[in-house]
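Novice: Let me begin by handing over the structure; questions about it come next.
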């Protein structure tokens with residue numbers, strides 16, 4: 001009886017959470033270009049390296065691996081659904097892609113630095129410039145047909161440019177022997193690359209920017225499983241204080257950058273969205289959202305408390321996954337979230353309550 005009640009409560013919670021996502025959305029969705037890492041990669045890594053992730057990736061929605069590091073949809077997928085828009089095609093995927101509504105330049109593992117390595121944020125912006133130049137050339141020469149429509153000049157100028165990057169820069173530094181002050185000293189270099197990227201898109205005519213900060217790195221099973229400091233470094237939610245403090249310091253500088261860009265770049269909207277707060281509150285109050293074991297990966301190996309082992313990660317031989325009711329978990333593979341957790345995160349982003357200025361994503365719909 002108790003299990004039935006818990007299941008019913010969980011389903012009711014998800015129903016309430018998904019109501020805004022299933023709204024009527026846009027009649028004319030804006031074009032969207034996304035720059036980032038695995039949190040928003042919809043298949044670019046697979047296309048670039050010929051890599052195919054193994055089941056159970058993709059099991060919750062697509063019923064097969066799609067290049068998303070998740071059991072189903074990502075936050076960006078839910079945000080596209082909220083606009084009645086198709087999922088964003090990876091820039092590097094030629095077969096079956098539809099670029100009339102934008103392109104996704106995000107690639108798993110991407111960082112801001114070093115800027116000359118694939119697929120850094122700098123390289124992603126160069127790819128965008130090539131995409132734009134080639135698209136406009138085909139439009140001008142009449143080679144953009146009904147069967148292969150491309151973005152025109154107006155589409156680029158009214159597009160939303162989304163940025164979700166920086167996590168891998170911080171994560172890699174946290175995996176080294178760098179001290180807390182040494183990592184903090186390097187954060188401005190990451191911020192500088194994001195500034196350069198946004199300025200570069202601005203010079204190309206972009207005027208609407210949507211920027212996500214980084215989540216609570218100290219709550220990732222990946223980081224927790226390698227904790228050498230013991231329980232003394234854990235906060236009330238069971239997350240690593242050191243890692244989360246680094247994430248917060250990065251986010252504070254990113255927010256300052258967004259405020260500065262908003263004031264300096266003419267006729268622009270630069271929205272900073274606090275994904276950190278959204279994710280941390282979901283973990284801290286997980287039971288209110290119907291989640292269990294908030295710091296334990298659904299898919300991985302090693303068992304309690306975190307079920308993460310880098311030698312047998314999700315999809316590798318020796319790994320395991322929780323039942324199909326993995327929707328009760330927040331973490332999918334120790335680094336990325338489950339589809340159900342992504343749905344909650346997306347819903348809160350779409351509310352506009354976590355954005356500065358307080359702008360709703362659907363305000364970018366075209367008249």
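The values are calculated or read from the model by the stated rules, or taken from the named source; none is laboratory data. Predicted, not measured: the structure shown is a model, and the values here were computed from it. Cβ sites come from the backbone with ideal geometry, for glycine too, and all protein chains shown count toward neighbours.
Novice: For segment 350-367, give me each residue that is on the phi < 0 side of the Ramachandran plot and out of contact with any strand residue (DSSP E or B) (no Cβ under 6 Å at 6 or more places or on another chain).
Specialist: Listed by number, the residues that qualify are 350, 351, 353, 357, 358, 360, 361, 362, 363, 365, 366, 367.
Novice: Still on this structure, I have one more. Conditions: (1) surrounded by fewer than 23 Cβ atoms within 10 Å (Cβ to Cβ); (2) in contact with a helix residue (DSSP H, G or I) (Cβ under 8 Å, 6 or more places away or on another chain); (3) touching a residue at least 60 places away in the same chain (Cβ under 8 Å). Residue 93 meets all but one. Number of the miss?
Specialist: So residue 93 meets the others, but not (3).
Novice: Please specify each residue of segment 311-338 satisfying the condition of being in contact with a helix residue (DSSP H, G or I) (Cβ under 9 Å, 6 or more places away or on another chain) and either modelled with pLDDT under 95 or farther than 17 Å from residue 220 by Cβ (or both).
Specialist: 322, 325, 326, 327, 328 - these are the residues of segment 311-338 that are in contact with a helix residue (DSSP H, G or I) (Cβ under 9 Å, 6 or more places away or on another chain) and either modelled with pLDDT under 95 or farther than 17 Å from residue 220 by Cβ (or both).
Novice: Of the residues in segment 321-367, how many are without any contact (Cβ under 8 Å) to a residue 40 or more places away in the chain and more than 14 Å from residue 293 (Cβ to Cβ)?
Specialist: 5
Novice: Another one. Could you list all residues from segment 108-125 that are touching a strand residue (DSSP E or B) at 6+ places or on another chain (Cβ under 8 Å) and either part of a loop (DSSP other than H, G, I, E, B) or on the phi > 0 side of the Ramachandran plot (or both)?
Specialist: Start the filter on segment 108-125 by keeping residues that are touching a strand residue (DSSP E or B) at 6+ places or on another chain (Cβ under 8 Å), which leaves 110, 121, 124-125.
If the condition is that a residue be touching a strand residue (DSSP E or B) at 6+ places or on another chain (Cβ under 8 Å) and either part of a loop (DSSP other than H, G, I, E, B) or on the phi > 0 side of the Ramachandran plot (or both), then 110 is the only one that fits.
Novice: Okay, moving on. So residue 87 passes all but one of these: (1) more than 19 Å from the chain's Cα centre (by Cα); (2) closer than 24 Å to residue 269 by Cα; (3) part of a loop (DSSP other than H, G, I, E, B). Which condition number does it fail?
Specialist: Only one criterion is unmet by residue 87, namely (1).
Novice: I'd like to know if segment 266-275 contains one or more residues that are assigned to a helix (DSSP H, G or I) and at pLDDT 95 or above.
Specialist: Yes, the conditions are met somewhere in segment 266-275.
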